[in-house]
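The values are calculated or read from the model by the stated rules, or taken from the named source; none is laboratory data. The shown structure was predicted, so the numbers you read here are calculated from the model rather than taken from an experiment. Reconstructed Cβ throughout: ideal geometry from the backbone, glycine too, with neighbour counts over all protein chains shown. Surface accessibility is based on the protein's heavy atoms, side chains included, excluding ligands, DNA and RNA. Shrake-Rupley method; radii C 1.70, N 1.55, O 1.52, S 1.80 Å.
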Amino acid sequence: MAEQEKLYVLTEKAVPEVLLKVVEAKRMIDSGRADSVQEATDLCGISRSSFYKYKDDIFPFHDNSRGKTITIVVQMNDEQGLLSDVLKIVADFKANILTIHQSIPINGIASLTLSVDVLPETGNISEMMQLIEAEAGVHYVKILARE
């Protein structure tokens, strides 16, 4: 039977600098700030061999942020482009849309239900909801559920 992998949680000050630089290089590559591993490692001041040695073994710990799902209901006018504007706000906050359901408009008003996965890089959900509610044509925004 294979030995079970052991995991540890450390504060940042206890992590060797090279590992913190590996995390930063991974962030640069994922965000597009670096086009290659070579560029990211050069910018971070580590060797490519260090990057490849540790890249699969270190990652940031995000307490209670990964895997949260919220379901939002938005009552809005049936106007061309409004749904697109709302979805752009969600995308700008880097939340992952899991489901979208829009009701058939009645008297020019539709209900939109969004299930959104809150990721570590997702911005402030309250701010996101305020921006959605501030859109012309949006009547209200409410959180139906959190998981």
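Overview of values
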{"read-out": "Relative contact order of region 29-116, pairs being alpha-carbon contacts under 8 Å that are 6 or more residues apart, as %", "value": "27"}
{"read-out": "54, 8, ranked by accessible area, largest first (probe 1.4 Å)", "value": "8, 54"}
{"read-out": "Sequence of 21, 13, 142 when ordered by accessible area, the most exposed leading, probe 1.4 angstrom", "value": "13, 142, 21"}
{"read-out": "Helical contribution to [θ] at 222 nm, DSSP H n ≥ 4, -39,500 (n - 2.57), averaged over the chain, rounded to 500", "value": "-10500 deg cm²/dmol"}
{"read-out": "Highest-fluctuation residue, 105, 16, 120 considered, GNM on the chain with Cα pairs under 10 Å", "value": "16"}
{"read-out": "The chain, relative contact order in percent, only Cα pairs under 8 angstrom and at least six apart counted", "value": "25"}
{"read-out": "Spin-label model distance (nm) - residue 100 vs residue 79, 7 Å beyond Cα toward Cβ", "value": "1.8"}
{"read-out": "Candidate lysines - alpha carbon under 29 Å from residue 13, same-chain residues fewer than 8 apart omitted", "value": "21, 26, 53, 55, 68, 94"}
{"read-out": "Size of electric dipole in the chain: Cβ of Lys, Arg +1 and of Asp, Glu -1, about Cα centre, debye, nearest 20", "value": "300"}
{"read-out": "Residue-level accessible surface for residue 133, protein heavy atoms, 1.4 Å, Å²", "value": "80"}
{"read-out": "Heavy-atom accessible area ranking, 1.4 Å probe, most first, across 78, 117", "value": "78, 117"}
